[in-house]
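Here the structure comes first, spelled out in structure tokens, and everything after it is commentary.
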Amino acid sequence: MQKKNLVLIALFMALAYIGVPWIIGVSGRTDFYYTLTSVALLSIASGGVWLTFYIGRINIGQGAYALAGGYVSAVLMTQYGFSFWASLPLAGLFCAGLAVLIGLPILRLRGVYFAMVTLVLTEVMRLTALALSITQGAKGITSIPLPGELSVFGVTLVPDFSTMENPKVGFYWMAVTLMIIAFAVLWRIVNSRLGHLCRSLQQNEELASSIGVNTAYLRVIAYAISSFFGGIAGASFIAISQSIYPSSFQVVDSVNFMLNCFLGGLGYVLGPMLGTLMLYFGWDLLFTTGKYQLLIYSSLLIALMLALPNGVLSLLDRKKA
Amino acid sequence: MTTLLQIKNVTKRFGGLTAVNDVSFSVNAGEILSVIGPNGAGKSTLFKLISSFLSTSSGEVLLDGQRISNLAPHVVARRGVVRTFQETTIFRAMTVRENIIVSHHLRSNASLWGFFWGSRAARADEADFGASADAIIEFLGLESIRDEMAATLPQGHLRALGMAIGLATDPKVLLLDEPFAGMNHDETMHMVDLVRRLRDERGVTVLLVEHDMPAVMKISDRIVVLNFGEKIAEGSPQDIQNNEKVIEAYLGSEDAAIGM
């Protein structure tokens, strides 16, 4: 079992790092770099949302943290001269800290009440970005520099993006690497005692606290990790677009992060990754249907949820049983 | 005999309703003490006050002389006072063994961070919890359902699982909420035996709330009787059966007759 997992991971990494660039090289579809980079980054944010689902909370507010992370990174780079590589973890940490402050009061809520509050967060963040002077209101922050060189002890790990022949390839590598790290963290959480504790929260908070689990603390930690992922994804995105506006992440993005989890499967670590891939490509593939795109897309989503309420990955369990 | 748990002048008001009114009694170490009373007498509320799931309006609960009322439930659990619930309160989507393993949380030496990285302490904990869970499974005779999903279990097994969850926390005092409810005579006798063994073999002090009078009379060292939120009697099963106030309280209610 363990061995089989290792083989699958090696295959996945070979596909992501070697297979995809090769296919793109052969087919000449370089636009796929951008698409797959987006999928990778969006799946990090969705992975965060998935973790809040895992402790039994419906999170429709990840867009708020993506936006906050984006602005933190943009402000640090353009106004304080930070390098992108320093701003990236700081954006994540800022979001985690923000999540602790916001989470302490709102994580007491359950079910639809928590969901409603998180739904508002994205809009609050957008209005905040509009109102503050440091975020430059509706004008947003533009001409954000490309990521520079990343070196540790004089060894260049990542070359300066502006010297790259094709920065898109650089972003693709970065996004895929971040995604693999993020999902490795999630996998480790779920498969250690932490996951056990999270499941105990999800299934019965009262009982969890009566067996001595500090439920409030665990909830806040999980929410902070979730928002850290959101911040990282947001900061990476604005490095690609080199600009950020209050509308860069909207309520609809928050809803999509949640849908990605539903579609892929809430019981599976890789659910949000698969869900993001399918939703993103599904939408793109339906582009040719013109004005019926949204109609067909949403009908398909509803049909999928009716047929596979536990997500696409539940097909695996069905085969086993 | 040493006093382990002390309930001192505890009162709980919900708006205008006084659910528990100035109740005092103490529980000795190694004792099985039952709290009985007609429906709505405030038994469940009292349990929630002792386990800090509710905060008191006045008065306090002491464990070994230290106040445990008005704390967070997980802190009280950490001190050694653990409440089990009626049968529906389990981790439904886990197996029996997983339910018991996760309930060992209080015994863990490793930090959450340690569990993430799989530190030496974390691995020692995991092995420890597994072994202890197996011992509890054996103690309660749950071997046949070790790997069953909790959601699929029949009532009797769920009750035993609830007790297993309580045991896993290694409590000083176990609060059992209606452990015999809905059981037939044989099942009740089995459970009575189990609760006794809990005390005799594991040294757990047991406080229980129960309706089943024959079982209560059989199992209890002492009994506390509540009516309309007030303590009306306290004493050995013999004393309680002959107490006029108690008889009056029960004759006044239509649902339960005191088993004599």
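With respect to A:SER209, determine if the residue is at pLDDT below 90, within 14 Å of chain B (Cβ to nearest Cβ) and part of a helix (DSSP H, G or I).
So A:SER209 passes the test.
Give just the number: which of (1) outside any helix (DSSP H, G or I); (2) under 12 Å from the mean Cα position of the chain (by Cα); (3) charged (D, E, K, R) does B:ARG159 not satisfy?
Of everything listed in (1) outside any helix (DSSP H, G or I); (2) under 12 Å from the mean Cα position of the chain (by Cα); (3) charged (D, E, K, R), B:ARG159 misses just condition (1).
With the requirement that a residue be small (Gly, Ala, Ser) and surrounded by fewer than 19 Cβ atoms within 10 Å (Cβ to Cβ), what does the range A:253-305 give you?
A:GLY267, A:GLY282, A:GLY290, A:SER298, A:SER299, A:ALA303
Checking A:VAL39 against (1) in contact with a Lys or Arg (Cβ under 7 Å, 6 or more places away or on another chain); (2) under 27 Å from A:ASN191 (Cβ atoms); (3) not basic (Lys, Arg), which test does it fail?
Failed condition: (1).
For residues in the range B:49-68 being under 16 Å from the mean Cα position of the chain (by Cα) and touching a residue at least 24 places away in the same chain (Cβ under 8 Å), which is surrounded by the fewest Cβ atoms within 10 Å (Cβ to Cβ)?
Quick first cut of the range B:49-68, residues under 16 Å from the mean Cα position of the chain (by Cα) only: B:49-54, B:61, B:63, B:68.
Subsequent filtering for residues that are touching a residue at least 24 places away in the same chain (Cβ under 8 Å) retains B:49-54, B:61, B:63.
Working: B:LEU49: 26, B:ILE50: 25, B:SER51: 25, B:SER52: 24, B:PHE53: 17, B:LEU54: 20, B:VAL61: 23, B:LEU63: 20.
Selected residue: B:PHE53.
Kindly list the number of the only condition in (1) within 19 Å of the chain's Cα centre (by Cα); (2) touching a residue at least 40 places away in the same chain (Cβ under 8 Å) that fails for B:ASP22.
The single condition B:ASP22 does not satisfy is (1).
Being hydroxyl-bearing (Ser, Thr, Tyr) and either under 22 Å from B:ILE50 (Cα atoms) or modelled with pLDDT of 90 or more (or both): is that true of B:THR205 here? Explain how you work it out, then say what you get.
Numbers: hydroxyl-bearing (Ser, Thr, Tyr): yes; either under 22 Å from B:ILE50 (Cα atoms) or modelled with pLDDT of 90 or more (or both): yes.
Taking the combined requirement at face value, the residue satisfies it.
Sort out which residues of the range B:166-187 are in a loop (DSSP other than H, G, I, E, B) and either more than 11 Å from chain A (Cβ to nearest Cβ) or not acidic (Asp, Glu) (or both), and write them in order of number.
So the first thing to find is which residues in the range B:166-187 are in a loop (DSSP other than H, G, I, E, B), and the list is B:169-172, B:178-184.
Answer for the range B:166-187, where residues must be in a loop (DSSP other than H, G, I, E, B) and either more than 11 Å from chain A (Cβ to nearest Cβ) or not acidic (Asp, Glu) (or both): B:THR169, B:PRO171, B:LYS172, B:GLU178, B:PRO179, B:PHE180, B:ALA181, B:GLY182, B:MET183, B:ASN184.
Checking the structure you have, find out if any residue of the range B:97-107 is under 30 Å from B:MET183 (Cα atoms) and surrounded by fewer than 18 Cβ atoms within 10 Å (Cβ to Cβ).
Looking through the range B:97-107, none of the residues is under 30 Å from B:MET183 (Cα atoms) and surrounded by fewer than 18 Cβ atoms within 10 Å (Cβ to Cβ).
Listed here are the residues, each with its yes/no results for (1) among the basic types (Lys, Arg); (2) in a strand (DSSP E or B); (3) modelled with pLDDT of 90 or more.
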residue: B:SER26; (1), (2), (3): no, yes, yes
residue: B:THR56; (1), (2), (3): no, no, yes
residue: B:LEU62; (1), (2), (3): no, yes, yes
residue: B:GLN86; (1), (2), (3): no, no, no
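Checking the condition touching a strand residue (DSSP E or B) at 6+ places or on another chain (Cβ under 6 Å) and small (Gly, Ala, Ser), which residue from A:GLY170, A:GLY140, A:GLY81 passes?
Numbers: A:GLY170 fails: touching a strand residue (DSSP E or B) at 6+ places or on another chain (Cβ under 6 Å); A:GLY81 fails: touching a strand residue (DSSP E or B) at 6+ places or on another chain (Cβ under 6 Å).
The unique qualifying residue is A:GLY140.
Being outside any helix (DSSP H, G or I), within 12 Å of another protein chain (Cβ to nearest Cβ) and in contact (Cβ under 8 Å) with a residue 24 or more places away in the chain, is that true of even one residue in the range B:139-149? Working first, answer last.
So in the range B:139-149, the residues outside any helix (DSSP H, G or I) come out as B:141-142, B:146-149.
Among the residues that remain, those that are also within 12 Å of another protein chain (Cβ to nearest Cβ) are: B:149.
Retained after the next criterion (residues that are in contact (Cβ under 8 Å) with a residue 24 or more places away in the chain): B:149.
Yes, the range B:139-149 contains at least one residue that is outside any helix (DSSP H, G or I), within 12 Å of another protein chain (Cβ to nearest Cβ) and in contact (Cβ under 8 Å) with a residue 24 or more places away in the chain.
For the range A:150-201, give me each residue that is within 14 Å of another protein chain (Cβ to nearest Cβ) and not in a helix (DSSP H, G or I).
The one that is within 14 Å of another protein chain (Cβ to nearest Cβ) and not in a helix (DSSP H, G or I): A:SER192.
Among (1) at pLDDT below 95; (2) crowded, with 24+ Cβ neighbours inside 10 Å, where does A:LEU109 come up short?
Answer for A:LEU109: the failing condition is (2).
Identify the residue in the range B:188-216 that is outside the structural domain of B:ILE240 (by TED's automatic domain parsing) and acidic (Asp, Glu) and, among all such residues, is farthest from B:PRO38 (Cα to Cα).
This residue is B:GLU201.
Within the range A:21-75, which residues are more than 30 Å from A:PHE114 (Cβ to Cβ) and either surrounded by 24 or more Cβ atoms within 10 Å (Cβ to Cβ) or in contact (Cβ under 8 Å) with a residue 24 or more places away in the chain (or both)?
Result: A:PRO21, A:THR30, A:TYR33, A:TYR34, A:THR35, A:LEU36, A:THR37.
Is it fair to say A:LEU132 is on the phi < 0 side of the Ramachandran plot and either in contact (Cβ under 8 Å) with a residue 24 or more places away in the chain or in contact with a strand residue (DSSP E or B) (Cβ under 7 Å, 6 or more places away or on another chain) (or both)?
Answer is no for this residue.
The values are calculated or read from the model by the stated rules, or taken from the named source; none is laboratory data. Quantities reported herein were computed from a predicted structural model and do not represent experimental measurements. Virtual Cβ from ideal backbone geometry, glycine too; neighbours counted across all protein chains shown.
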